[in-house]
Amino acid sequence: MNRRLLACVVLVVIAGMLPLMNVYPIFVMKVMCYALFACAFNLLMGYTGLLSFGHAAFLGSAAYATGYALKTWGLPTELGILFGVAVAAGVGYVMGALAIRRSGIYFSMITLALAQMLYFFFLQAPFTGGEDGLQSIPRGTLLGIVDLSNDLSLYYVVLGIFVIGLAIIYRTVHSPFGQVLKAIRENEPRAISLGYDVDRFKLLAFVLSAALAGLAGSTKAVIFVSATLSDAVWQVSGLVILMTLIGGMGTLIGPIIGAFIIVLLENKVGEFGTSLARITGVEWFAGLGESVTIVTGLIFVVCVLAFRRGIVGELGAFIARRRGQSAA
Amino acid sequence: MKTRILAAIAATGLALGAPAQAQAPKISNDTIKIGFITDGSSVYADIDGPAGAEAIRMAIADAGGQINGKKIELLYADHQNKPDVASARAREWFDQQGVDMLIGGTNSAAALAMAKIATEKKKPYIVIGAGSSRLTNEDCSPYIVHYAYDTVALARGTGSAVVAQGGKSWYFLTADYAFGHSLEADTSTVVKANGGQVLGAIRAPLASSDFSSFLLQAQSSKAQVLGLANAGGDFINSVKAANEFGLTKTMKLAGLLVFINDIHTLGLQATQGLYLTDGWYWDQNADSRAWAAKFEQKVKRKPSSLQAADYSAASLFLNAVKATGTDDGDEVMKWFKSNKVNDMFAKGGTIRADGRMVYDMYLFQVKTPAESKAPWDYYKVAQTLPGDKVYTTPAESKCSLMKKS
Amino acid sequence: MTDIFGIPIQALLGQLLLGLVNGSFYAVLSLGLAVIFGLLNVINFAHGALYMVGAFAAWMGLTYFGINYWVMLVVAPMVVGLIGIVIEKTMLRWLYRLDHVYGLLLTFGLTLLLEGLFRSFFGVSGKSYPVPDLMRGATNLGFMVLPNYRAWVVVASLVVCLATWFVIERTKLGAYLRAGTENPRLVEAFGINVPLMVTLTYGFGVALAGFAGVLAAPILQVSPLMGTNLIITVFAVVVIGGMGSILGAILTGLGLGVVEGLTKVFYPEASSTVVFVLMVLVLLTRPAGLFGKTK
């Protein structure tokens, strides 16, 4: 346990030094937001076994709520973020209550449909600005002291939020509540027969996952000073599933790695494509940048067929096998 | 002892360094980087898109590929009609890639988002293709140049012409975003000012594929004119459906933003007699014909007015850099506002204090199939609209940068 | 002019008819989904993408090979069906033993792949597909002018849906299929090649999607994105109808198209969300769906 804590502290310190090593802070902040988003999703999917296909709803509603609170009501930034989290939790409660009525594949379809309904609501509602989105959200200050319009200060604040979010997830997973969730994932009828009110646990997990996803959304809105429909579109729900799948469902750091890979992919596929075009002389590769979708789809298919445990899962299995071999 | 020698060395270094700094302002990062962000894959991809990037490359090539030994580079990105993709890319380019100026838009919401970033980073941003008149009014900034058209010019051109022809009652089919709203608002104002009336409007989501239900409602309004406050693929789909449902027999269609690519897709049969306002047509004079031929060789179709504007804007920027010897944002903007635009795109165009590029626009009418002698021979000039009449006058401007005389 | 709730009856009937046209698409697509889910227990997310492939097949047939609409109406579904068979044989069959979600995730990945590929080759703005000459023109029905092609869409969809229903519910082949859903082991013991049946069922299900695509090509722009938003609405339709019943899928599809059409008249802002609102209501009152059997 102490070794793990030390490893975490070292990682946080490294993360803190990244902007000083000339890594673009906006890129790292984007990774952290999506990593938190993926970890929140993983809480529901990896630990409770519920595939939600509508997590974009939480990202989007929190982003819009925070954006609106900061821009139109002029709330201080910390209150704006908390407001966004509260809205996402509320949306999560309603969505969860409806979706949990059915199980398995129906649950997923209902979450997808509800998230899509919310998307259309955002499209029409005047306060979101529709296609234009909420722009020029003031970043404000943290607790009146730290000026967040400075990218560097914002970076450390976002790092702090990220660490807090992860800590919450860690505590949840390693608690009696987390044990019950795992039991539900492994064998739901048995959990019911043991007397647990399974539906209530599922709903609680759903709301918690929604709230943390909302935290990611609110933070994202402050970083990019905008909240638009792209945050609430169903492709985002698919993307977060992919991040978790690649990284490793049911592992703590898997989603973080998955998020990093996907964000990197989105940013770099264009450059990769142009360099490939230059090397091979095949002009079509230059258009690859627009084809992040193709690469994403391909990775999805490959992962589902052959790589279901994800990077961290496979690594863990590999290490276990090595240990088993050396023991024998 | 050591410290005194060190101090002496430092002082000499400073002394030697200082004159170097007092030299003429330099080119940042030793390259001149133009960033171009537009819709490359969605509804407006054909009227600007990657072909617009081609036009800018032509401008770079015509300038010799370098100025005073510093290379000129173009970065291109597709914002997919998403304002957040556009602003994130713009921000990253300014922060990380040392981009010196930004061209583009083709989506008013994306343009407004990019304008904020460009203003924050103090870099010139030439808007081409986004029509919202807010860019030179409420949202104006010392770093924005609104090139090509805006919704006010289109409204004044097409709106007044159609009302003069007898189209007094209007119903709008509007694309539901910043541009569509802007176009509808500006045209409504012109229609009412000319004695017409607006019976209603219906907002369709951007990139809708089926307009049948909206058109049916438009028909039941019994208006004489259906104002299409949309563009690109939306315009094409609505005209197709209007023909299909027989709407064209009872209502006149007024395309408020139409490009030659749209006419090409729809064909002259469906669009003959349509009035439209635009700033450039490939066949308008010898210079434009020559440039269009060069463009056609590369891209295999005639250029739209936006692609011509891309070329013109890029050339203007490169001329500014050559003239001032620097790619500093403030210097370039100062040069822009004190020099005229004289090329195959516009003759005698001026850039005002509020960023509006004022030049003569034209009211075109689409030829009948019989009148057209060759592919892309689609327009005849119905009227020349002098720039100072068709754009927002300085007195009307809501921009704080315009000194009210 | 008689008015119902302040809307002229003309406009109402017109929107209702348009709603029926949309409903036909919903019916054919949810039928395909129901057939696939019934036998394979897989939610075919790729249904929308394959619908798009069907439309593109028709367009490519016309543009590159000069094959007309009527031939493509038969050929395109076969092409899409073949693609479906390949997908099932190479990818889906490995996932049957696993949790159902993996089937959904695989087909989701396939959707992104297909959409991305078509997008990079054909752009997003879409291609025009002309209405076949026989169907050109419109009939003045008095209350509205209905393009003949749209009437054909309704007729064609109904014919195909009823034919499918007949095969599944009233023929021996259909009986084998239904038995295979209940108890594949037993059916296999009777000597019926269940894996082949499964493969062909998937192929048929997506062929229905391809058929809908060809029908849609002259109406909507043939664009790589045409299937994606549609598929989520169809999911809601299927949840409302309940995935046990073939007839249920058809009726729900048609019904919801009409409801959507009516919403466009009375409350157009809600027209894209009305299907989801209904889904919520059904979930609260009849969780198994209107025609569903709790599995």
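General remarks:
- Rg/Rh ratio calculated on Cα atoms of the stretch B:76-201 (Kirkwood radius): 1.08
- Scanning residues 5 or more positions from C:S223 or on other chains, those with amide H under 5 Å from its amide H are C:K127, with H placed 1.01 Å from N in the peptide plane.
- Computed from the C-beta positions of B:N285 and A:V12 and an R0 of 60 Å, the FRET efficiency is 0.40 to the nearest 0.05.
- Centre separation in Å (Cα based) which lies between the stretch C:59-137 and the stretch B:36-89: 33
- Computed [θ] at 222 nm, deg cm²/dmol, chain A (DSSP H ≥ 4; -39,500 (n - 2.57); rounded to nearest 500): -24500 deg cm²/dmol
- Take every pair of alpha-carbon atoms less than 8 Å apart whose residues are at least six positions apart; their mean separation over the length of chain C yields a relative contact order of 38 percent.
- For chain B, the antiparallel share of DSSP beta bridges with both residues in that region comes to about 30%.
- Sequentially through the stretch C:268-276, phi angles give Karplus couplings (6.51, -1.76, 1.60; θ = phi - 60°) of x, 4, 8, 4, 7, 9, 4, 4, 5 Hz, Gly and Pro residues having no value and appearing as x.
- Shape of the stretch B:149-297, Cα gyration tensor, a/c cut at 1.5: prolate
- Cα-based helix-to-principal-axis angle, C:47-65 vs chain C, degrees rounded to 10: 70
- DSSP H segments from chain B that extend 27 Å or more along their own axis, Cα-based, with Kyte-Doolittle mean of 0.5 or above: B:2-22, B:305-324
- Long-range amide H partners of B:Q383 with built H, under 5 Å: B:L363
- Only lysines eight or more places from C:K172 in sequence, or on another chain, were considered; those with a Cα closer than 29 Å are C:K89, C:K293, C:K295.
- A quarter of the convex hull surface defined by the alpha-carbon atoms of chain A gives 20.1 nm² as the mean projection.
- Once the Cα-Cα distance is subtracted from the 0.36 nm per residue extended length, the A:S149 to A:F27 segment shows a gain of 42.3 nm.
- Taking Cα centre as origin and charging only the Cβ of basic (Lys, Arg, +1) and acidic (Asp, Glu, -1) residues, the dipole magnitude of the stretch A:14-250 rounds to 460 debye.
- Per residue Cα convex hull volume in Å³ - calculated over chain B: 144
- Within the protein assembly as shown, DSSP assigns beta bridges of which about 40% are antiparallel (rounded to the nearest 5).
- Cα gyration tensor, the stretch C:74-130 - rounded (a/c under 1.5), prolate or oblate: oblate
- Modelled FRET efficiency - R0 25 Å, B:N194 with B:E138, Cβ distances, 0.05 increments: 0.50
- A Cβ-based charge dipole, computed about the Cα centre of the protein assembly as shown with Lys and Arg at +1 and Asp and Glu at -1, lands at about 1480 debye.
- Gyration tensor analysis over the Cα atoms of the protein assembly as shown returns equivalent ellipsoid semi-axes of 46, 41, 26 Å (largest first, whole Å).
- Calculated from backbone phi, Karplus (6.51, -1.76, 1.60) coupling profile of the stretch C:171-185 in Hz, x at Gly/Pro: 10, 5, 4, x, 5, 4, 4, 5, 5, x, 5, 6, 8, x, 4
- Amide hydrogen proximity for B:K252: with H placed 1.01 Å from N in the peptide plane, the residues at 5 or more positions away or on another chain lying under 5 Å are B:V225, B:L226.
- Cys residues of the protein assembly as shown that find no other Cys beta carbon under 4.7 Å: A:C8, A:C33, A:C39, A:C303, C:C161.
- Sequence-distant aspartates and glutamates (8 or more away, or on other chains) whose Cα lies within less than 14 Å of B:K71: B:D30, B:D62, B:D100, B:D327
- Cα gyration tensor shape for the stretch C:42-179, rounded if a/c is under 1.5, else prolate or oblate: oblate
- Calculated FRET efficiency for the pair B:K334/A:Q325, C-beta based, R₀ 60 Å, to 0.05: 0.25
- Per residue of chain C, the DSSP helices (runs of n ≥ 4 H) give a summed -39500 (n - 2.57) that works out to -24000 deg cm²/dmol at 222 nm.
- B:K380 paired with C:T285, simple spin-label distance in nm, labels 7 Å along Cα-to-beta-carbon: 6.3
- For chain B, the relative contact order comes to 18 percent (Cα pairs under 8 Å, sequence separation of at least 6).
- Inter-chain shielding of C:137-146 (mean C-beta neighbours from other protein chains, 10 Å cut-off): 2
- The alpha-carbon atoms of chain C, seen along their principal axes, cover 66, 51, 35 angstrom, with the largest extent given first.
- Taking the stretch A:14-250 and dividing mean pair separation by its residue count, relative contact order in percent (alpha carbons under 8 Å, at least six apart): 43
- Residue pairs, from the table A:K220/B:K123; B:K122/B:K334; B:K123/B:K389, whose Cα atoms sit over 18 Å apart: A:K220/B:K123; B:K123/B:K389
- Over 28 Å apart at the Cα level, from the set B:K116/B:K240; B:K82/C:K127; B:K121/B:K347, are B:K116/B:K240; B:K121/B:K347.
- Karplus-based coupling profile of the stretch C:153-159, in residue order and whole Hz: 4, 4, 4, 4, 4, 4, 4, with θ = phi - 60° in 6.51 cos²θ - 1.76 cosθ + 1.60 and x standing for Gly or Pro.
- A simple spin-label model places pseudo-atoms 7 Å from Cα toward Cβ; at A:S175 and B:T31 they are separated by 5.1 nm.
- In summary, the lysines within cross-link reach of A:K202, defined as a Cα separation below 20 angstrom excluding same-chain residues under 8 places away, comprise A:K182.
- Normalised by residue number, the volume inside the convex hull of the Cα atoms of the stretch C:180-252 is 114 Å³ per residue.
FYI, it's all coordinate maths here, none of it is from the lab. This structure is a prediction, so every number in the text was calculated from the model and none was measured. All Cβ positions, glycine included, derive from the backbone under ideal geometry; neighbour counts span all protein chains shown.
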